[in-house]
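*Asks:* One structure, as structure tokens, below. Some questions next.
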Amino acid sequence: LFSFIACQCLAQSNTDESKVQPYTLPDVLKMPDGKRVTNSREWQLKQRPYIYRLFEENQFGRFPATKTAIRFRVMESDRNALDGIATRKQVRIWLHPSDSTVYADVLLYIPNNVKKPPVFIALNFSGNHTVSTDKHIALSTRWVSSRAKGGVNNRATEASRGADTASWQLHTLLQKGFALATAYCGDWETDTVTGYQTGIRTTMKDILNIQPNEWGAMGAWAWGLSRIVDYLQQDKAVDARKIALIGHSRLGKAALWAGASDQRIALVISNESGEGGAAISRRWYGETVKIINNNFPHWFGAKYRTYGDSVNTLPVDAHMLLSLIAPRPLYVASAEDDKWSDPKGEFLSAFEAGKVYALFGKQGIETDKMPEPNQPVGETVRYHLRTGRHAVTVYDWQQYLEFASREFGK
Ligand code: GTR
């Protein structure tokens, strides 16, 4: 009877804190032989690879290790973009060695008054043309969600330009001396159940040595982020040792997996990534493993779908995903009205990840008491609960730019 009740619950979402049942988190420092990790060397050599594999097996599916010969071309550039404050580049990354239809387009803005600036990388939800009203940005020709502003029959139109400028704060970012590199997640895989059929999980399967069902859309997006890193490493106009990755919501989940998988990424920001991202899955609050897999069966690996009714047997949880970012700076953020993402669950996993940062002599969040809204806490692991709804706002960017400036010694 008890398990029947549990099953019923997990298909529903809860937002009543008093109904959250006690749970035990897997001990991130406990090694397979039962001993506990005591130093950073043991973490890096043994425990980190072990936990990483648990995430591959149980949540995200495989991350292709095969190196591919990708090619880049700057398709368009202008040193006088945005009234002269930045250089714009539009770079095409061809992912397949012989099929020239398999590519992703990266939009870059580099501030003109800074030599080799640090760079924010991010995927966007509906096309590069949504990031700014700059008319020179190529309009995406891919499928876009029917929720995308200005879209007609799932295609972007001129009315889609600048649809999402509020989430990017491009001018502030450039003024603070950062570059931005962004690409449409749909260039790797469109966000639909059948998106994999035309996305890289299918077109790249032979090259990457991996079948479409061995990973999910999250993996494809995360892998795509690593290809942006590949490009940046050979663009001398930016400092590729200072790459900050930011992702919001579903793209925040992908960002955490990319940050865990690619240690060239120097700093990671999870903006309201919620279930399958920064939020503790064992906490029955907001979205659940069962709900997310029901609604988005294409996001994660197949095994993740088997934990819907038995989340307490999942060998991993969000604090372990965040720990894979250590010792690199990590910022986790929630919004008060975004109960679906479980703010407290996001805070608690960020707090827990501090145990791994401590092995490196880095300070995480000092107390497990949730901070008041708009009161950022923590050092190398930082957290804030913003007032308001599920979004990336001016307030969020202020915190991230300050954090990245401090961590990158700017
Ligand atoms: C919701 C989903 C969340 C989150 C969000 C978003 O529908 O349940 O996990 O990813 O979408 O990406 O905006």
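*Asks:* Working out 0.36 nm times the residue gap between GLU17 and ALA159, then minus their Cα-Cα distance, what length gain in nm do you get to one decimal?
*Replies:* 46.9 nm
*Asks:* Got the relative contact order for the range 261-410 handy, in percent, Cα pairs under 8 Å and 6 or more residues apart?
*Replies:* 25
*Asks:* Now, a different point. Using a 1.4 angstrom probe on the protein heavy atoms only, could you order THR198, THR172, THR87 from most to least accessible area?
*Replies:* Order by accessible area, largest first: THR198, THR172, THR87.
*Asks:* Around ALA237, which amide H atoms from residues at least 5 apart in sequence, or from another chain, sit under 5 Å from its own amide H, with H modelled in the peptide plane?
*Replies:* none
*Asks:* May I ask for the net charge around ALA335, where only other residues with Cβ less than 13 Å from the Cβ of ALA335 are counted and Lys, Arg are +1 while Asp, Glu are -1?
*Replies:* -3
*Asks:* Of LYS339/LYS369; LYS30/LYS339; LYS253/LYS362; LYS19/LYS253; LYS46/LYS355, which sit over 21 Å apart, Cα to Cα?
*Replies:* LYS30/LYS339; LYS253/LYS362; LYS19/LYS253
*Asks:* Sequence gap at least 6, Cα distance under 8 Å: using those rules, report the relative contact order of the chain to the nearest whole percent.
*Replies:* Reported as a whole number, the value is 17 percent.
*Asks:* Given H placed 1.01 Å from N in the peptide plane, which residues other than close sequence neighbours of ALA86 have an amide H under 5 Å from its amide H?
*Replies:* Excluding prolines and chain starts, which carry no amide H, the hits are ALA81, ASN112.
*Asks:* Still on this model: For the chain, give the percent of accessible area contributed by carbon and sulfur heavy atoms, probe 1.4 Å, rounded to a whole number.
*Replies:* 50
*Asks:* Starting from the range 73-127, pick out the trypsin sites (Lys or Arg not before Pro) whose DSSP state is loop and whose Cβ has at most 14 other Cβ atoms within 10 Å.
*Replies:* LYS115
*Asks:* May I pose another question? Over the range 239-296, what number does the Rg to Rh ratio reach, with both radii from the alpha-carbon atoms and Rh per Kirkwood?
*Replies:* 1.07
*Asks:* Using mean Cβ contacts within 10 Å as the protection proxy, how do 331-342, 12-23 order, highest first?
*Replies:* Ranked from most to least packed, the peptides come out as 331-342, 12-23.
*Asks:* Take the Cα atoms of the range 216-262, build their convex hull, and give its volume per residue in Å³.
*Replies:* 61
*Asks:* Take the alpha-carbon centre of the range 147-200, take the same for the range 204-231, and report the distance between them in whole Å.
*Replies:* Rounded to whole Å, the Cα centres lie 19 Å apart.
*Asks:* If you roll a 1.4 Å probe over the heavy atoms of the protein chains, what accessible area per residue do you get for the chain, in Å²?
*Replies:* Computed with neighbouring chains in place, this is 42 Å² per residue.
*Asks:* Gain in length, LYS355 to VAL193, computed as 0.36 nm per residue apart minus the alpha-carbon separation, to one decimal in nm?
*Replies:* 54.6 nm
*Asks:* Could you tell me the relative contact order of the range 16-117? Use alpha-carbon pairs under 8 Å, at least six residues apart, and round to a whole percent.
*Replies:* 15
*Asks:* Let me ask something else about it. I need the shape label for the range 305-410. Rule: rounded when a/c is under 1.5, else prolate if a/b > b/c, else oblate, with a, b, c from the alpha carbon gyration tensor.
*Replies:* oblate
*Asks:* Next up: With each run of n ≥ 4 DSSP H residues scored as -39500 (n - 2.57), what mean residue ellipticity at 222 nm is computed for the chain after dividing by its residue count and rounding to the nearest 500 deg cm²/dmol?
*Replies:* -7500 deg cm²/dmol
*Asks:* A further question follows. Within 11 Å, Cβ to Cβ, of PRO22, how many net charges do the neighbouring residues add up to if Lys/Arg are +1 and Asp/Glu are -1?
*Replies:* +2
*Asks:* Right, another one. How much net charge surrounds TYR307 when only the other residues with a Cβ under 13 Å from the Cβ of TYR307 are counted, with Lys and Arg +1 and Asp and Glu -1?
*Replies:* Residues near TYR307 contribute 0 overall.
*Asks:* Related question: Residue by residue through the range 296-301, which ³J(HN,Hα) values in whole Hz follow from phi under the Karplus form 6.51 cos²θ - 1.76 cosθ + 1.60 (θ = phi - 60°), with glycine and proline marked x?
*Replies:* Working through the residues one at a time gives 10, x, 8, 6, 10, x Hz.
*Asks:* Give the lysines reachable from LYS89 as a straight Cα distance under 26 Å; neighbours fewer than 8 places away on the same chain don't count.
*Replies:* LYS67, LYS115, LYS116, LYS135, LYS149, LYS176, LYS236, LYS242, LYS410
*Asks:* From the backbone phi of the range 94-106, what are the Karplus-calculated ³J(HN,Hα) couplings (6.51 cos²θ - 1.76 cosθ + 1.60, θ = phi - 60°) in whole Hz, Gly and Pro given as x?
*Replies:* So the J values, rounded to whole Hz, are 8, 9, 9, x, 10, 8, 6, 8, 9, 8, 10, 10, 9.
The values are calculated or read from the model by the stated rules, or taken from the named source; none is laboratory data. These numbers were taken from a predicted model, which means no experiment stands behind them. Don't worry about glycine lacking a Cβ; one is built from the backbone with ideal geometry, like all the others, and counts go over all protein chains shown. SASA here: full protein model, heavy atoms, side chains in, ligands and nucleic acids out. Shrake-Rupley method; radii C 1.70, N 1.55, O 1.52, S 1.80 Å.
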